[in-house]
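One structure is given here, and the rest of the page talks about it.
A short reminder: the numbers here are calculations on the coordinates, not readings from a lab. Model, not experiment: these values are computed from the prediction. Virtual Cβ from ideal backbone geometry, glycine too; neighbours counted across all protein chains shown.
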Amino acid sequence: MLPGDANCHPDRNLPSIRQLTLVDPPHWGRFGYPSDESGTSMSAPEVAATAALVIASGVIGRHPTPDQILARLEQTAVALGGSQPNPDYGFGLLDAGAATAAG
């Protein structure tokens, strides 16, 4: 995300991300959209995709290590709830644009 980018609207109020999931384990045929999902199950796909984008962008080299990728994601996250990391928000909000931007 570039400052002043007319296509960037960070303050837009968008709907929550929903994940189709099992709503009644162990009844494996019942799927739905729970209203209270949060945490690592919801964030893992976004973090994995951003890590893949970091690798593909080459912003931290041709063959970054897992530790380098983790550091990049942590360093470019938007702080939430005070200092980074903190017990409520960890390193904050994942920012794929910042993570893949050339320094």
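Phi-derived couplings, Karplus 6.51 cos²θ - 1.76 cosθ + 1.60 at θ = phi - 60°, listed residue by residue for region 85-96: x, 9, x, 8, 10, x, 8, x, 8, 4, 10, 4 Hz, with x used for Gly and Pro. Computed from label points 7 Å out along Cα-Cβ, the spacing between Arg30 and Arg12 is 3.6 nm. Phi angles of region 60-72 translate, via the Karplus equation with coefficients 6.51, -1.76, 1.60 and θ = phi - 60°, into HN-Hα couplings of 10, x, 6, 9, x, 7, x, 5, 5, 5, 4, 4, 4 Hz per residue; Gly and Pro are given as x.
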